[in-house]
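Worksheet: one structure, shown below.
The values are calculated or read from the model by the stated rules, or taken from the named source; none is laboratory data. Everything numeric here is computed off the predicted structure, so don't read it as measured data. Methodologically, a virtual Cβ is constructed for each residue, glycine included, from the backbone with ideal geometry; neighbour enumeration extends over all protein chains shown.
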Amino acid sequence: MLVLANSILLLFMAWELVGLASYLLIGFYYQKPEAAAASQKAFITTRVGDMAFLIGMIWLYRESGTLMFYDNGHGLLETNALATLAGATTCGGLAVSAGAALLLLVGAMGKSGQVPLHTWLPDAMEGPTPVSALIHAATMVAAGVFLVARTFPIFAAGDPEGTGIALSSAAWIGGITALYAATVAMAQTDIKRILAYSTVSQLGFMMIALGTGGVAAAMLHLICHAFFKALLFLSAGSVIHGCHDEQDIRKMGGLRKAMPKTFLVYAIGMMALAGFPFFFSGFWSKEAVLHSAEYWNGGLGPFILAVAAALLTAFYMTRQALMVFFGEARKPGVDHPHESPQVMLVPLYILAAGAVLLSIIGTPFWPWFNEWMHGKSASFDGGALAHSWKLILISLAIVTLGVGISWKIYSKLSTDSNAPDPLESKLGGVWKFLVAAWGFDALYERAIIKPLASFACVVNSIERHVFVPLMAAFEGGFKLFGRMTGATDEKGINKSFDGVCSSMKGSASSASNAQLGKPQGYLRAIGLAMSVLLILYFWLSA
């Protein structure tokens, strides 16, 4: 529904359902405190982005009068509405299209784990591993990138050079996120957490492509990433299963002998993610991202960040492979590791095939995906192939350097699982900084969570010591007033009313007695009437 929606409102509804599903899946093990906390963290953090998305949607409707993407020339993504949005400005001189695009970008940052709204995504691995494969590869985290791609005409409205504030923000945020997450992944020891930070980094690559105008490159990388990252997560799940639920890579080692099939499919996913040429989809999709960033009119900043992140990607994936599958088994560590059953391996074979075969759709030999995105027929483009050789060589150098450095450091590991990481002694205090993920969680704890918790305690104290006694006093006063008014009502008003009613009842009884048909009754009435008339006559004559 999110993909097929022709209305930004319908897309938003599907967007929220994706968030709800993610919350429920991350917290699947609801009795586990870490899983419950991770699901709440994901839900709350993404709500920040969702609020920005909602405000942006309302703003777009206010200015354009429609929520439809395409509507016979009057939709949000059609020429008339885009011209209106680009022509209208805020009090600060910012085009409405740019302002709304920035709000949509914040929404995408929350859903796709971009800095600084990324902290929920690594913790999302607390869910079951197949859930991690879905969330981190193909569903929730991809929604933010898809939103920017779907609404790209709004980002580009009134910005022919592609260097406006909306697109530039997307490019730089993507670049910073890609490099940040890659540096953090280098220092992690949980097999799933490494892949989680890798996901954050790869989403940054997609955002770089979008910010630099490469929508087709971003979508190609999104699709290829879905295959090889799902493959890696499920391979990690196979390793965890075979290692009796152990996730610490420091306690593994030499698993390629005990789990050869898992090692094979993992190696395919690892090479696709690291960008090994030429037979892996990640190489061509990442090359497309780098190509888009290199020729961006806004400068080489995002391109340099992407190159650095690609180098670190090859480094940390090689590190993970060496620590898990190579060397000797570490002690204390995993006892009697075993291969996973065939029912767990078949999906890995399918994903591995996709990670390889998808490589052809984005190559210059058969650029089917890129041409399809632009509504053209696919054909061999020799000029594009020649033009790509420079970046192909750069990508090859990046992968070779990253793998080589990692092999140099981690190829001869100690068999003691408690031994410090070889990189720790080289980086010193920087290592702790990376292990702590640059301190984002600690910063948010101090700057946001603790102040809000303290404020909540103050409000709670005021409520208990001020408002509750005050309400109790009001309640007591109203009860006293009720008792007083009840007594007055009972002894005063009710008795007076009862007396009037009794008098009226007596008068009515007397009047009815006069109409019983007895002569003496009529004589009394006549006599009384004559007496009254005589009294009035003499009183008036006096």
Report yes if some residue within segment 300-312 is in contact with a Gly (Cβ under 7 Å, 6 or more places away or on another chain), over 17 Å from residue 349 (Cα atoms) and part of a loop (DSSP other than H, G, I, E, B); otherwise report no.
no
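What helices (runs of 4 or more DSSP H) lie completely within segment 384-476 and have 1 or more residues being within 28 Å of residue 289 (Cβ to Cβ)?
Filter on segment 384-476 gives 422-427, 429-435, 440-444.
Examine segment 240-252 for a residue that is assigned by the TED database to the domain that holds residue 176, more than 26 Å from residue 163 (Cβ to Cβ) and touching a strand residue (DSSP E or B) at 6+ places or on another chain (Cβ under 7 Å), and state whether such a residue exists.
So far as segment 240-252 goes, yes, one or more of its residues are assigned by the TED database to the domain that holds residue 176, more than 26 Å from residue 163 (Cβ to Cβ) and touching a strand residue (DSSP E or B) at 6+ places or on another chain (Cβ under 7 Å).
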Need the failing condition index for residue 375 against (1) under 34 Å from the mean Cα position of the chain (by Cα); (2) modelled with pLDDT under 90; (3) closer than 24 Å to residue 234 by Cα, just the number.
(3)
Any residue in segment 419-439 that is farther than 19 Å from residue 176 by Cα sitting within a Cβ distance under 8 Å of a residue that is of a type in the set (S, T, N, Q)? List the pairs, counting only those 6 or more apart or interchain.
421/189
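Would you call residue 191 modelled with pLDDT of 95 or more and not assigned by the TED database to the domain that holds residue 30?
Taking the combined requirement at face value, the residue does not satisfy it.
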Do you know which of the residues in segment 118-130 that are assigned to a loop (DSSP other than H, G, I, E, B) and surrounded by fewer than 23 Cβ atoms within 10 Å (Cβ to Cβ) is modelled with the lowest pLDDT?
128
List pairs: first residue in segment 158-181 and within 17 Å of residue 94 (Cβ to Cβ), second residue of a type in the set (D, E, K, R) anywhere in the structure, Cβ distance under 8 angstrom, at least six positions apart or on different chains.
166/159; 167/159
